Amino acid sequence: MLALLPQLRGFARFLTGQAALADDLAQETVLRALASLDQFAAGTSMKAWLYTIARNLFYEQSRRRRRERDVMSDYALRPDRPESGVGEGESDDLRDLDGAIWQLSPSLREALVLVGVQEMTYVEAAEVCGVRVGTIKARVSRARSQILAYMATGQKMGP
């Protein structure tokens, strides 16, 4: 589990878009995993298991924040964009790619990150997301197409 912490934190960063929230999500994921270690099936992927816990926890926290925001009528708690961590020396293309990734729907961004960044197989990514392998393949393909279209035109992507 310790060897997977950097990758888990990276995945959490892509889910949350903020370093501090990603650290909290990764920490909570490890705590939940340790508390439920008896539920881990030997011979299966620890990485996929941890990512599934992180993903479910992220959506649970998102739903909770949404309910709190509705009750409190405070819409400033959830930024639409991640923190900008782009330095001055980085190219415009990198900034454009960052913008394109964050315009993807969460399900497309998640599939692209799992397969493209975290180097999971389609089977592992499908397991994490709780969908069929074909669904992951389609999401990755749509994400790549939308990013290419955005990079070519610079126009905001649709849903």
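The values are calculated or read from the model by the stated rules, or taken from the named source; none is laboratory data. Remember, predicted model here, so these are calculated numbers, not experimental data. For neighbour counting, all protein chains shown are included, and Cβ atoms are generated from backbone atoms with ideal geometry for every residue, glycine included. Side chains are part of the model used for accessible areas, which takes the heavy atoms of the whole protein and leaves out ligands, DNA and RNA. Shrake-Rupley method; radii C 1.70, N 1.55, O 1.52, S 1.80 Å.
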Looking for whichever is of a type in the set (A, V, I, L, M), on the phi < 0 side of the Ramachandran plot and either touching a residue at least 60 places away in the same chain (Cβ under 8 Å) or open to solvent by less than 20 Å² (accessible area, probe 1.4 Å) (or both) here; the options are Ala149, Ala143, Ala138. Which one fits? Ala143
Only residues that are under 13 Å from Gly17 (Cα atoms) and either touching a Gly at 6+ places or on another chain (Cβ under 8 Å) or at pLDDT 80 or above (or both): list them for region 92-103, please. Ile101, Trp102, Gln103
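Going through Thr29, Thr44 one at a time, which residue ends up being hydroxyl-bearing (Ser, Thr, Tyr) and assigned to a helix (DSSP H, G or I)?
The conditions single out Thr29.
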Search region 46-67 for residues that are touching a residue at least 40 places away in the same chain (Cβ under 8 Å) and pair each with any residue that is among the polar types (S, T, N, Q) and outside any helix (DSSP H, G or I) when their beta-carbon atoms are under 9 Å apart and the residues are at least 6 apart or on different chains. Lys47/Gln118; Tyr51/Ser45; Tyr51/Gln118
Any residue that is modelled with pLDDT under 85, more than 13 Å from Ala48 (Cβ to Cβ) and surrounded by 12 or more Cβ atoms within 10 Å (Cβ to Cβ) - is there at least one of those in region 116-125? yes
Could you check region 33-54 and list, in sequence order, the residues that are in contact with a Leu (Cβ under 7 Å, 6 or more places away or on another chain) and surrounded by fewer than 15 Cβ atoms within 10 Å (Cβ to Cβ)? Met46
Could you please tell me which pairs satisfy a Cβ distance under 9 Å, a separation of 6+ or placement on different chains, a first residue in region 106-129 that is at positive phi, and a second residue that is assigned to a helix (DSSP H, G or I)? Glu119/Gln7
Among the residues of region 93-105, the number that are open to solvent by less than 30 Å² (accessible area, probe 1.4 Å) and either at positive phi or not aliphatic (A, V, I, L, M) (or both) is 1
